[in-house]
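A.B. asks: Input: one structure, supplied below.
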Amino acid sequence: MKRNRFLLYLLIAFLVTVLDFLGEINNENSILEQELFFATLTLPSVIGVTYLLYFLRKWTLNSRFYKSIQGKGVLYQRLFWGVAITTMALVLTFFTRYLSIVILPEFDSGIFFDFLFLGIFIGIFFVGLFVHALESFSELQKENQQVQIRIKDIENEKLIAKFLNLKNQLNPHFLFNSFNSLSGLISMNPKKADYFLSELSKVYRYTLDQSDELVVPLSKELELIRSYIALQQIRFGKSLVIDYNVAASDLKKMVPPMTLELLVENAIKHNIVEKERPLEVSVYTKDNYVIVSNNYQPRNDSNQYGDSTGKGLHNLINQYDIIHTEKPKFEVRNGKYTAIVPLIEAT
């Protein structure tokens, strides 16, 4: 328990005791010494009950049974807490009433379930209700703060992702290679040049239109990849081979925008793509993951492209850290580089 909360409950217990004492001494039949004696017992009792209810509530929140109740909705949670607080109040009332008989037999009326029993129950019940309400409010405020922090983190990651995507697509290497290919096609094959320009515009349009989204359907990502690969295959020809094997049931599932483009671009940038050593890329889904793999044949001059791809992969991991319980995995095994990205269920 945090120090501030301990002091708050201590203050509340003290105020309850003082108010009870002041109320009793106004009674003409009250005896000051008797009331002081009861106040001396009341203060530790209220403190003990308050903290006992606090820790019982904490234990309940972490129990498996309560976690199963949470999945059934707010109504079930309220019903549960109503029953739980009433039960705890009854148990503590029986215990307190028994102690009062043992410690103060001279004030025993001879009836266990008397007005004192009822008064103790009402007092403990409302203390329990107060503790629950105060803790629930505190937890709600904490959750709201966490949500706000999470929203800010998501917005920051989206801005970084948008910047990196635009930077990657506008980098001089991509533009130079694209314009160089287009220039050669215009004189040799105008029809193919027109097709190249159409696919290039699709890539840029997607980059601008979808970069503001948190997640996009896998089907849209595949459309982008087809356009992106069309551009690259005009440049590399048969040296670049791509295979798709995406289940129809996975097309509506979601990934952050530009995910597949980042992974395919990563493969092209950092691997040899030659006629004698073609780069073979596979895009497929399995067990709620989209997987991009390629034969691992790293180029020696891959550093000329800078670390933009490394930043892109790092940003992708950060995005998943915020929006999903799993993170993407990257591994080299059996001569293949494989990126394993979790798919997100569409809501």
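The values are calculated or read from the model by the stated rules, or taken from the named source; none is laboratory data. What you see is a predicted model, and the numbers here were worked out from it, not measured in a lab. When we count neighbours, we look across all protein chains shown, and the Cβ atoms used for this are built from the backbone with ideal geometry, even at glycine. Areas reflect the complete protein model, heavy atoms only, side chains present, ligands, DNA and RNA absent. Shrake-Rupley method; radii C 1.70, N 1.55, O 1.52, S 1.80 Å.
A.B. asks: I need to check one value: relative contact order of segment 200-255, counting alpha carbon pairs closer than 8 Å and at least 6 residues apart, in percent. Display every interim value, and only then the final one.
C.D. replies: Details: 30 pairs, mean separation 28.5, N = 56.
Relative contact order of segment 200-255: 51 percent.
A.B. asks: Work out how much length A346 to S249 would gain on full extension: take 0.36 nm times their residue separation and subtract the Cα-Cα distance, in nm to one decimal.
C.D. replies: Extra length available between A346 and S249 comes to 33.8 nm.
A.B. asks: For a 21 Å ceiling on Cα separation, which of these pairs sit above it: K152/K327; K220/K311; K252/K286; K192/K252? Walk me through the numbers before you get to the answer.
C.D. replies: Details: K152/K327 19 Å; K220/K311 23 Å; K252/K286 14 Å; K192/K252 32 Å.
The answer is K220/K311; K192/K252.
A.B. asks: Show me 113-124, 133-144 ranked by packing, highest mean number of other Cβ atoms within 10 Å first.
C.D. replies: Top to bottom by mean Cβ count within 10 Å: 113-124, 133-144.
A.B. asks: At what distance in nm do the modelled label points of E213 and R64 sit from each other, each positioned 7 Å from its Cα along Cα→Cβ?
C.D. replies: Once both label points are built, they end up 4.1 nm from each other.
A.B. asks: So, for segment 207-305, what is the accessible surface per residue at a probe of 1.4 Å, expressed in square angstrom? List each step's numbers first, then the result.
C.D. replies: Values: 4540 Å² over 99 residues.
Per residue, segment 207-305 has 46 Å² of solvent-accessible surface.
A.B. asks: How long is the gain from Y284 to R205 if the chain were fully straight, where each residue apart is worth 0.36 nm and the alpha carbon distance is subtracted?
C.D. replies: Values: separation 79, 0.36 × 79 = 28.44 nm, distance 2.45 nm.
The span from Y284 to R205 would gain 26.0 nm if fully extended.
A.B. asks: Between F330 and A230, with labels modelled 7 Å along Cα→Cβ, what's the label distance in nm to one decimal, could you check?
C.D. replies: Distance between label points: 2.9 nm.
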